[in-house]
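Presented below is the structure to which this report refers.
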Amino acid sequence: MRPGLSPAEIQDLYDRYAPGMYRRAFALLQREADAWDAVQESCIRLIQAASEFRREARPMTFIYRVTTNVCLNMLRSRALRDVAPEGEGAEGSVDTLASTECRDFLVKLARELDERGLTVATLYYLDGMSQEEIAQVLGLSRKTIVRDVQRISVLARELGEPRRPQGGAA
Amino acid sequence: MSEHLSDLVLDEVLAGGARPPHLESCGACQERAARLGAHAARVRATPDFSRVRARVLSQAAEREARPATSWFSALLLVPALASLAVVMLWGPRFGAEEAGPEVPASAGGQGIRVKGPPAVELLRLDDGQVNPVLREGDAVALRLRSGGRPYALVVSVDAGGQVEALWPAGAVGSGALDAEVPAPLFQVTQGDFVVHAIYSEMPLRLDDVREWLGRHGPECPGASDSTVCQEPAGLPPATAHAAVSLAVEAAP
């Protein structure tokens, strides 16, 4: 099998997944320009990992993992914590209040958690994923995620746990 | 578990995946899916969506044009020069005149190898200089002469002792020189390094020579006037070792 992706495949991948990537990126970064940068970077990472991406039984878990990692890295490296979010006119947000609340909470958590912990917290609080889904997205055992969520929950209660979206529950 | 589908599942549905039975019977999930779908449609209609798509395609095309080899962890390859890659001194068409008489390959191939003293050189593509003091960003090609041996393993060792296979690229052992494989091209970054070529009659494993490389610099052990070693101690019989020490200066 060809290891890379053809231009047509890349275009199809982009058209199919970029809107969701953007929604996730905006929820975390709260700025359109940063969110589009994150989409671009995530797409490039997908292209670089084409062989791995092709093998995914659930490609969306790969998309979520890559996009989340890119955004969290941006949150750290660009010090976006000090950048004011954009107003309600921005196209990115679906759940403005919920995502803003979650994002602020994640920024607090970022000071306390390691990289994996923050990723788990993002998938748990921002995406409302079940522990089973988080395990699938991160390619880790459910047992590991259960332990991580327990650890994060203790910390989260101290910091003021946000509402979780409708989708998942532990 | 929640009674509702997560955005992950709804995104899969929106991307053309299977619809879970729950979605057909749950108004809340249908509403959520419709909301996510409408949002995706609005995003697709923005100028940024097209702009970023163009950038992604452009970056992907640039990547595609680059050879897949790497040299050290931070080095970039030179895509535009890939067509000039065959500068190694082996094979029926290249380098025979300057390197000596042609002899039939003794093992592993149908090509003709170049006879002559073993050597390894780096050729700067800009001006053709051999083993010059390089500047960061210089494009170079490997030039090998095996002294009649059919296999080669070329590695770089940086100042920190980090060993990386240059040819075959990223390999764990020797490659057959009669294979018509393009020579790798590299764009160098700053630092000092030694390029070692180990030529042999039989393939060698990188792990088997790694320790030996760690103990030897570019010089031939026991010979003060040559960087070429015929049958150096510690390597299998009929093996030759050639090395070149190079420095890469910072770009002006």
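Quick notes on this one:
- Note on B:Leu57 and B:Arg44: the model spin-label points, each 7 Å out from Cα along the C-beta direction, lie 1.6 nm apart.
- In region B:1-49, one over the average inverse separation of all distinct C-alpha pairs is 11.4 Å, which is the Kirkwood hydrodynamic radius.
- Using a probe of 1.4 Å on the protein chains alone, the accessible area found for A:Arg58 is around 70 Å².
- Probe 1.4 Å, all protein chains present, accessible-area order of A:Lys143, A:Lys108, largest first: A:Lys143, A:Lys108
- Förster radius 41 Å - calculated FRET efficiency between B:Asp158 and A:Lys108, Cβ distance, rounded to 0.05: 0.50
- About the centre of its Cα atoms, region B:7-64 shows a dipole size close to 260 debye [charges on the beta carbon of Lys, Arg (+1) and Asp, Glu (-1) only; nearest 20 debye].
- Residue order by solvent-accessible surface for A:Glu56, A:Glu158 is A:Glu158, A:Glu56, largest first, with ligands and nucleic acids left out and a 1.4 Å probe.
- Using a simple spin-label model with pseudo-atoms 7 Å out from Cα toward Cβ, B:Arg35 and B:Glu211 lie 6.4 nm apart.
- Taking a Cβ cut-off of under 9 Å around A:Ile134, the surrounding Lys, Arg, Asp and Glu residues balance to a net charge of -3, with basic ones at +1 and acidic ones at -1.
- FRET efficiency, B:Ala251 to B:Glu24 (Cβ-Cβ, R0 56 Å, nearest 0.05): 0.35
The values are calculated or read from the model by the stated rules, or taken from the named source; none is laboratory data. Computed from a predicted model, the values in this text were never measured in an experiment. Positions of Cβ are backbone-derived with ideal geometry, glycine not excepted, and every protein chain shown enters the neighbour counts. Note: accessible area is taken over every heavy atom of the protein model, side chains too, but ligands, DNA and RNA are not part of it. Shrake-Rupley method; radii C 1.70, N 1.55, O 1.52, S 1.80 Å.
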